[in-house]
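Structure, as structure tokens:
The values are calculated or read from the model by the stated rules, or taken from the named source; none is laboratory data. Values in this document were obtained by computation on a predicted structure and should not be read as measured data. Please note: Cβ atoms are built from the backbone with ideal geometry, for glycine as well, and neighbour counts cover all protein chains shown. When the accessible area is computed, the model is the full protein with side chains, heavy atoms only, and any ligands, DNA or RNA have been set aside. Shrake-Rupley method; radii C 1.70, N 1.55, O 1.52, S 1.80 Å.
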Amino acid sequence: TARQEASRASSDAGTSPPVLRAFVDGAFVDSAGASWDKLDPVDGSVRARVQEADAALVDRAVRAARAALDGAWGAAPVAQRAALLRRVADRIEERFEQFARAESADTGKPLAQARELDVPRAVANFRAFADTIAAAGQPSFLTDLEGGRQALNYAVRKPLGVVAVIVPWNLPLLLLTWKVAPALACGNTVVVKPSEQTPTSAALLAEVLAESGLPAGAYNVVHGFGPASAGQFLTEHPGVDGVTFTGSSATGSTIMRAVAPRVRPVSFELGGKNAAVVFADADLELTLAGLARSVFANTGQVCLCTERVYVERPVFDEVAAGLADRAGALRLGRPDDPATTTGPLISAEHRAKVLSYYRLADEQGAETLVGGNVPVLGGGLDHGSWIEPTLWTGLTNADRPMREEIFGPCAALVPFDTEDEAVRLAGDTDYGLASAVWTTNLSRGHRVAQRMRVGLSWVNTWFLRDLRSPFGGVGLSGIGREGGAHSLDFYSELTNVCVAL
Ligand code: NAD
């Protein structure tokens, strides 16, 4: 049974290194394909051996999802789906520490962060979408016809179908559940392809969903990479009815091409090159604390992270010095050390990319206020993918480090003189995910926040989310909005019924 399989997977975790397998039709299954070593970003050791799903296994997963859609899960009433999501939330809480440790182990992020952010948000995602689907209704319209007759129009909500869920490595469980919870709430079945860097929490979630009573086949996991691997096999599979994807803009573009021949809907949460705008009237203590979080949280590996900081000239030096102090106070270290604030980057490859921007900033004449290099930490950590938190001045919007998403713990500070100039500089980007405005002038806060060409515009805060509100980006940052009723729109098809009365 799924439960026996689930406990077998758990007991694998006791040996070193554990083997991670696909989860298809309610059971963990072996793949005939290759395996790869999942390395620990903290010290480069082998964390797990992951079995790559080949095309045949991806096909099995899609067929299992189709059968569950046509069977038990597709027929489940709303109340049953909502109750299941609530049980899932409860069970994640029961296994809270296991999830926190798995998430921290895959990413190298501080255990404290996994406990405070990643796992609680996964729980909240399931509860929020249980509430949303339970309360969801549809408007109806009485249409006046000639001769005093009327017609009644109402729409019925149906699942989109078999949904491919493809997620990245930075907030693996949070971003996975942000999509799986609404997809299941709407009666869909899913095939999940977690990032090759962070395969563990998707497999743990399989155990929890099975224990909570989700029918076999409604949630499947295939491990693998993107091109010529599980990601491509899944997005090109004719049995997939839609793709929900969080990741880089370049991969989003590839996935659009993959689904184009079959004209399938996509929901894309992509990259960012997010701006913060600090006015001279800002509460500088609040602002510096907020900026430090928005630049350095999760080692800068959050799509919402600030990489461009525009500061009104009278407070430029003070903000630059204050932020540099805060960068200097960050503590790089092992995830289970309570003093650690900052983990490594996800991989050696990603560090090479971030470091290439550090070098580019040097070449383009930036002044490095803090950081700029690979730290020497000792204690075995030097085989990990560590990097120094870094701040620059002296760059302009024309420079590549100001235009391209770096996805590291770094930002450039640039002065401005007028509100219009700040809005123009912040909007001068191909991306459009998030922005943050820091000011004590309420009117200006609203005014500037509304003018930002982004999906998420914060004032005097960052990363604060109400899960009912729309989440997504403009431009290279994505297509569509998820969150609350917006998620229901993507994960449903509506059939309008028109009855002549
Ligand atoms: P990525 O695009 O390299 O990979 C994301 C996922 O897509 C992985 O599971 C990967 O295996 C898969 N993939 C890669 N190529 C594929 C292909 N051809 N077909 C199908 N699947 C494929 O991104 P990443 O490096 O894992 O994540 C970092 C990126 O994610 C950053 O750009 C970041 O801004 C973005 N991100 C966006 C949000 C958001 O909500 N907007 C949130 C987090 C991260």
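Computed over every Cα-Cα pair of the range 253-314 and binned at 5 Å starting from 0, the pair-distance distribution P(r) comes out as 4, 15, 19, 15, 11, 10, 8, 7, 6, 4, 1, 0 percent. Accessible surface of the range 73-198, 1.4 Å probe: 54 percent of it comes from carbon and sulfur atoms.
An ellipsoid equivalent to the range 46-112, defined through the eigenvalues of its Cα gyration tensor, has semi-axes of 29, 23, 6 Å when rounded to whole angstrom and sorted largest first.
Secondary structure note: in the chain, about 40% of the DSSP beta bridges are antiparallel. Pairs of Cα atoms nearer than 8 Å and 6+ residues apart set the relative contact order; for the chain it is 18 percent.
With Cα atoms defining each centre, the range 267-299 and the range 301-345 are spaced 10 Å apart in the structure.
Across the chain, how large is the tail of the calculated P(r) beyond 38 Å, expressed as a percent of all Cα pairs? Everything past 38 Å amounts to 28 percent. Compactness check for the range 80-166: Cα Rg over 2.2 N^0.38 Å is 1.75. The trypsin sites (Lys or Arg not before Pro) found in the range 105-193 that occupy coil by DSSP, while having at most 15 further C-beta atoms within 10 Å, are R149. When only the Cβ of Lys, Arg, Asp and Glu is charged (+1, +1, -1, -1), the dipole of the chain relative to its Cα centre reaches about 1280 debye.
Per-residue Karplus couplings for the range 274-288, computed as 6.51 cos²θ - 1.76 cosθ + 1.60 with θ equal to phi - 60°, are listed in order as 7, 9, 10, 10, 10, 8, 5, 8, 5, 6, 5, 4, 4, 5, 5 Hz, Gly and Pro entered as x.
Under the combined filter of DSSP loop state and at most 16 neighbouring Cβ atoms within 10 Å, the range 231-333 retains these trypsin sites (Lys or Arg not before Pro): R331.
Here the range 188-263 is treated as an ellipsoid with the same Cα gyration tensor; its semi-axes, largest first and in whole Å, are 23, 15, 9.
Enclosing the Cα atoms of the range 424-501 in their convex hull gives a volume equal to 148 cubic angstrom per residue.
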